[in-house]
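**Student:** My questions all concern the structure below.
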Amino acid sequence: MIGFQYVRASNLAEAVRQMADNPTAKFVAGGTNLIDLMKMDVERPTKLIDITKLPLNEVAETPEGGLRIGALVRNSDLAYHPLVEQRYPVLSSAIRAGASQQLRNMASTGGNLLQRTRCAYFYDVAMSCNKREPGSGCGAIDGHNRMHAILGTSDACIAVHPSDMCIALAILEAKVHVMGPNGERVITFGDFHRLPGDAPQRDTNLGPAEVIIAVELPRRGFAPNYSYLKIRDRLSYAFALVSVAVGLELDGGIIKAARLALGGVAHKPWRDLRAEDALRGQSPAEAAFTRAADIVLRDARGFGHNNFKIELARRSIVRALTQAARGTPQSQSTKKIA
Ligand SMILES: Cc1cc2nc3c(=O)[nH]c(=O)nc-3n(C[C@H](O)[C@H](O)[C@H](O)COP(=O)(O)OP(=O)(O)OC[C@H]3O[C@@H](n4cnc5c(N)ncnc54)[C@H](O)[C@@H]3O)c2cc1C
Ligand code: SF4
């Protein structure tokens, strides 16, 4: 039995202060990832700071025509929020592709951004893992790496970021509002998650005592032409082998703007601005989509068991772009269960 303290924060300033006072504390929201990691002895916080009573569970329109999503808004509530379904269906679709209904009913927006990799070596404390224990080595590089990364890897870590929601947030160019001992700041979504480099223990650029307070969506939601395509081993309750979020703006049969991000292939949601540039001004047809896929995957590298992901990603990109261009997105028909 490993003991830990539990406190419930009654306001944001208190939550930040409690965290600043104890570097081995952890915030807990839905608990769907952190509590599992504690049970498996991967995370050992000496104190849990429960933030679930903080007033961070609203979805509100911004003066700029976007949405501000409180960090404690549950994944289900967000996916089925009328404004999200209407204006940001790619986000709704991505969230519904993740986990199970019960988990989505508990999981929070902030917790989803900070969920940790599902690399099996990270979860098994008997194995070497630089992310869990810096300097101990990486069991996956020469091990069973079927689920692992093909882009942006390092000699220290080849884990992937597991979220579905974050892949949609990447193409929507969301902003993450955080609060720390020095006040509030905003982190652009592209700068929020990190590549492993030589410090794979750090998943994000969030400061040690900072709490996520909200995620802001700009006005542009790509509602008419989007797709979230998730390829996985089972139809539900499985993490992505490869996922693709696409948003297109079409004008007179030409691509005016394109956004494209991949999940299941890198340590962070993988967006490639060169591929997006290459799509702009093109006719929305297979030739342009294949060229974009080639650009995204130009530096892709497999580690043995996951070599198949390179071709899978190529085909998934072309399929998702085709679905978005035709206005026939991959969609899920699951209804919300209270
Ligand atoms: C069986 C299973 C299957 C799953 N399948 C999928 C899937 O297919 N796709 C997918 O995307 N996800 C999947 N998930 C993951 C799930 O989406 C996450 O566990 C969930 O989003 C985490 O949210 P939470 O609120 O429960 O976070 P918690 O577990 O409470 O916290 C997670 C981390 O975030 C930190 N934290 C939480 N909120 C804040 C905040 N506001 N500010 C700062 N730090 C914070 C905590 O300290 C902790 O480190 C699955 C989970 C399980 C258990
Ligand atoms: S891939 Fe990363 S998380 Fe997995 S064992 Fe290697 S260092 Fe650990």
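The values are calculated or read from the model by the stated rules, or taken from the named source; none is laboratory data. None of the values given here were measured: they were computed from a predicted structure. No Cβ is skipped: glycine too gets one built from the backbone with ideal geometry, and neighbour counts run over all protein chains shown. Please note that ligands, DNA and RNA were not included when accessible areas were found on the heavy atoms of the full protein model with its side chains. Shrake-Rupley method; radii C 1.70, N 1.55, O 1.52, S 1.80 Å.
**Student:** Take the stretch 174-231 and flag every residue that is touching a residue at least 60 places away in the same chain (Cβ under 8 Å), open to solvent by 30 Å² or more (accessible area, probe 1.4 Å) and among the basic types (Lys, Arg).
**Tutor:** Arg194, Arg219
**Student:** To continue, here is another question. Exactly one condition in (1) of a type outside the set (D, E, K, R); (2) over 30 Å from His81 (Cα atoms); (3) touching a helix residue (DSSP H, G or I) at 6+ places or on another chain (Cβ under 9 Å) is not met by Ala120; state its number.
**Tutor:** Failing condition for Ala120: (3).
**Student:** Return the residues of the stretch 78-119 that are surrounded by fewer than 20 Cβ atoms within 10 Å (Cβ to Cβ), over 15 Å from the mean Cα position of the chain (by Cα) and charged (D, E, K, R); say none if nothing qualifies.
**Tutor:** Across the stretch 78-119, the qualifying residue is only Glu85.
**Student:** Inspect the stretch 123-140 for any residue being farther than 26 Å from Ala15 by Cα, within 13 Å of ligand 1 (Cβ to nearest atom) and in a helix (DSSP H, G or I) and give the result as yes or no.
**Tutor:** Yes, the stretch 123-140 contains a residue that is farther than 26 Å from Ala15 by Cα, within 13 Å of ligand 1 (Cβ to nearest atom) and in a helix (DSSP H, G or I).
**Student:** On the given criteria, is Ile171 away from ligand 2 (no atom under 16 Å from the Cβ), touching a Lys or Arg at 6+ places or on another chain (Cβ under 7 Å) and either under 17 Å from His267 (Cβ atoms) or open to solvent by less than 10 Å² (accessible area, probe 1.4 Å) (or both)?
**Tutor:** For Ile171, the condition - away from ligand 2 (no atom under 16 Å from the Cβ), touching a Lys or Arg at 6+ places or on another chain (Cβ under 7 Å) and either under 17 Å from His267 (Cβ atoms) or open to solvent by less than 10 Å² (accessible area, probe 1.4 Å) (or both) - is met.
**Student:** Among the residues that make up the stretch 147-160, is at least one of them closer than 26 Å to Ile51 by Cβ, among the β-branched types (Val, Ile, Thr), within 16 Å of ligand 1 (Cβ to nearest atom) and open to solvent by less than 30 Å² (accessible area, probe 1.4 Å)?
**Tutor:** Looking through the stretch 147-160, none of the residues is closer than 26 Å to Ile51 by Cβ, among the β-branched types (Val, Ile, Thr), within 16 Å of ligand 1 (Cβ to nearest atom) and open to solvent by less than 30 Å² (accessible area, probe 1.4 Å).
**Student:** A further question follows. Mind checking which residues of the stretch 234-267 are within 11 Å of ligand 1 (Cβ to nearest atom) and not aliphatic (A, V, I, L, M)?
**Tutor:** Once the filter is applied, which keeps residues that are within 11 Å of ligand 1 (Cβ to nearest atom) and not aliphatic (A, V, I, L, M), the stretch 234-267 yields Arg234, Ser236, Tyr237, Phe239, Ser243, Gly263, Gly264.
**Student:** Looking at the stretch 293-317, which of the residues that are of a type in the set (A, V, I, L, M, F, W, C) and more than 21 Å from the chain's Cα centre (by Cα) is nearest to Leu248 (Cα to Cα)?
**Tutor:** Ile295
**Student:** Moving on. What residue, of Pro134, Pro208, is modelled with pLDDT under 95 and farther than 16 Å from Lys268 by Cβ?
**Tutor:** Pro208
**Student:** Pick from the stretch 4-55 the residues that are small (Gly, Ala, Ser), in contact (Cβ under 8 Å) with a residue 24 or more places away in the chain and surrounded by fewer than 19 Cβ atoms within 10 Å (Cβ to Cβ): which of them is nearest to Pro134 (Cα to Cα)?
**Tutor:** That would be Ala20.
**Student:** Could I ask something else about it? Out of the residues in the stretch 90-111 that are of a type outside the set (Gly, Ala, Ser) and away from ligand 1 (no atom under 11 Å from the Cβ), which is nearest to Asp41 (Cα to Cα)?
**Tutor:** Gln101
**Student:** To continue, here is another question. Name every residue in the stretch 130-180 that is hydroxyl-bearing (Ser, Thr, Tyr) and farther than 17 Å from Ala300 by Cβ, in order of residue number.
**Tutor:** Hits for the stretch 130-180 are Ser136, Ser163.
**Student:** Return the only residue of Met165, Met106 being of a type outside the set (Val, Ile, Thr), touching a residue at least 12 places away in the same chain (Cβ under 8 Å) and more than 27 Å from Glu249 (Cβ to Cβ).
**Tutor:** Going through Met165, Met106 in turn, the sole match is Met106.
**Student:** Here are Arg132, Arg104, Arg116, Arg146: which of them is touching an Asp or Glu at 6+ places or on another chain (Cβ under 7 Å) and either under 30 Å from Asp77 (Cβ atoms) or within 16 Å of ligand 2 (Cβ to nearest atom) (or both)?
**Tutor:** Arg116
**Student:** On to the next question. Answer yes if at least one residue in the stretch 112-119 is in contact with a His (Cβ under 8 Å, 6 or more places away or on another chain), more than 10 Å from ligand 1 (Cβ to nearest atom) and not in a loop (DSSP other than H, G, I, E, B), and no otherwise.
**Tutor:** Looking for residues that are in contact with a His (Cβ under 8 Å, 6 or more places away or on another chain), more than 10 Å from ligand 1 (Cβ to nearest atom) and not in a loop (DSSP other than H, G, I, E, B), one finds none in the stretch 112-119, hence no.
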